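The values are calculated or read from the model by the stated rules, or taken from the named source; none is laboratory data. Owing to the predicted nature of the structure, the values given are computational and were not obtained by experimental measurement. With ideal geometry, Cβ positions are generated from the backbone for all residues, glycine too; neighbour counts draw on all protein chains shown.
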Amino acid sequence: MRVFIPGVDGYLGWTLAQYLTVRGHEVAGCDLFLRRKHVEEAGSQSATPIRSMAERLVVFKEHFGKELTFKEGDLGDYDFVLECFKSFQPEVIVHLGEIPSAPYSMIDVHHCNFTQTNNIVGTLNILYAMKEACPQAQLIKLGTMGEYGTPNIDIPEGFFTIEYRGRTDTLYFPFQAGSWYHQTKVHDSHNVLFACKIWGLKATDIMQGPVFGTKIDEMGDDERLLTRFDFDECFGTVINRYCA
């Protein structure tokens, strides 16, 4: 398959590109390197050595014998997203290109607004570009379990059946996000669902929990292929901070 990964320089994106390439898929991606900039802004760095994208692309070709097609650009720029999809014609889009930090979004109004704009507008641009350039592609969108909060009942797979005042309906399970970042994921989920309804797009919204580790078997012993390991208060998970 032809797989496009927005956020391919990130923690999950870089690893996924390697995993898919080994399995014979053709992979391309884009990134604006915001994760690198924001970790630096927090006065931190990855605990594992992270190569520049230029170096990563060289070692990727050397290690896997295939090129990773890469474009630097902003998902907030619709024309850029549209051109990526038109030129590559993806069959699958794995959207990993969002600011992933609740603490970062809560710093002040500027970080809140930037997180909201970057995440929500970027996803909307992907949806519109899919409609225009590759409407048959499958979108795999990473949400988060944090969209649901901590309700005192079991959380179903997306939808649940409710009876109220003698009537029954199947509805989207209510969201109770706990940060401005998590609210962007809630809005993404609603926007993706709406785009699927009105345009017939195909999407899978994955509500994953914490992901950990710095390598996969496909990397072998080549440290140049390692993914990042953040341990600061904004982008490092609790387990990362204890490990580092």
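For LYS185, are the conditions met, namely being at pLDDT 95 or above, basic (Lys, Arg) and in contact with a Leu (Cβ under 9 Å, 6 or more places away or on another chain)?
Values: at pLDDT 95 or above: yes; basic (Lys, Arg): yes; in contact with a Leu (Cβ under 9 Å, 6 or more places away or on another chain): yes.
Answer is yes for this residue.
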> What are the residues in the range 89-128 that are closer than 16 Å to CYS234 by Cα, assigned to a loop (DSSP other than H, G, I, E, B), touching a helix residue (DSSP H, G or I) at 6+ places or on another chain (Cβ under 9 Å) and not charged (D, E, K, R), if any?
Replying inline: ILE99, PRO100, SER101, MET106
> Looking at (1) among the acidic types (Asp, Glu); (2) over 20 Å from PHE33 (Cβ atoms); (3) assigned to a loop (DSSP other than H, G, I, E, B), can you tell me which one GLU163 breaks?
Replying inline: (3)
> Which residue, of ASN118, ASN152, is surrounded by 16 or more Cβ atoms within 10 Å (Cβ to Cβ) and either in contact (Cβ under 8 Å) with a residue 12 or more places away in the chain or farther than 28 Å from PHE70 by Cα (or both)?
Replying inline: ASN118
> Of these, LYS86, LYS141, LYS131, LYS185, which one is crowded, with 21+ Cβ neighbours inside 10 Å and not in a strand (DSSP E or B)?
Replying inline: LYS185
>> Condition first: among the polar types (S, T, N, Q) and either part of a helix (DSSP H, G or I) or more than 29 Å from ALA102 (Cα to Cα) (or both). Now tell me which residues in the range 188-206 satisfy that.
In response: SER189, ASN191
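Quickly run through the range 24-41 and pick out the residues that are in a loop (DSSP other than H, G, I, E, B) and either buried (at least 18 other Cβ atoms within 10 Å of the Cβ) or of a type in the set (D, E, K, R) (or both). Please lay out each step first, then the result.
Initial filter on the range 24-41 (in a loop (DSSP other than H, G, I, E, B)): 24-25, 32-33.
Within the range 24-41, LEU32 is the sole residue that qualifies.
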> For the range 43-59, what are the residues that are of a type in the set (Gly, Ala, Ser), under 27 Å from ILE126 (Cβ atoms) and surrounded by fewer than 18 Cβ atoms within 10 Å (Cβ to Cβ)?
Replying inline: SER52, ALA54
> Checking ARG51 against (1) over 20 Å from LEU139 (Cα atoms); (2) part of a helix (DSSP H, G or I); (3) in contact (Cβ under 8 Å) with a residue 24 or more places away in the chain, which test does it fail?
Replying inline: (2)
>> Can you pull out every residue in the range 13-30 that is of a type in the set (Val, Ile, Thr) and more than 13 Å from VAL92 (Cβ to Cβ)?
In response: THR15, THR21, VAL22
>> I need the full set of residues from the range 86-107 which are out of contact with any strand residue (DSSP E or B) (no Cβ under 7 Å at 6 or more places or on another chain) and within 16 Å of ILE140 (Cβ to Cβ), in order please.
In response: GLU98, PRO100
>> Anything in the range 1-23 that is aromatic (Phe, Trp, Tyr), crowded, with 18+ Cβ neighbours inside 10 Å and under 15 Å from GLU218 (Cβ atoms)? List them, or say none.
In response: TRP14
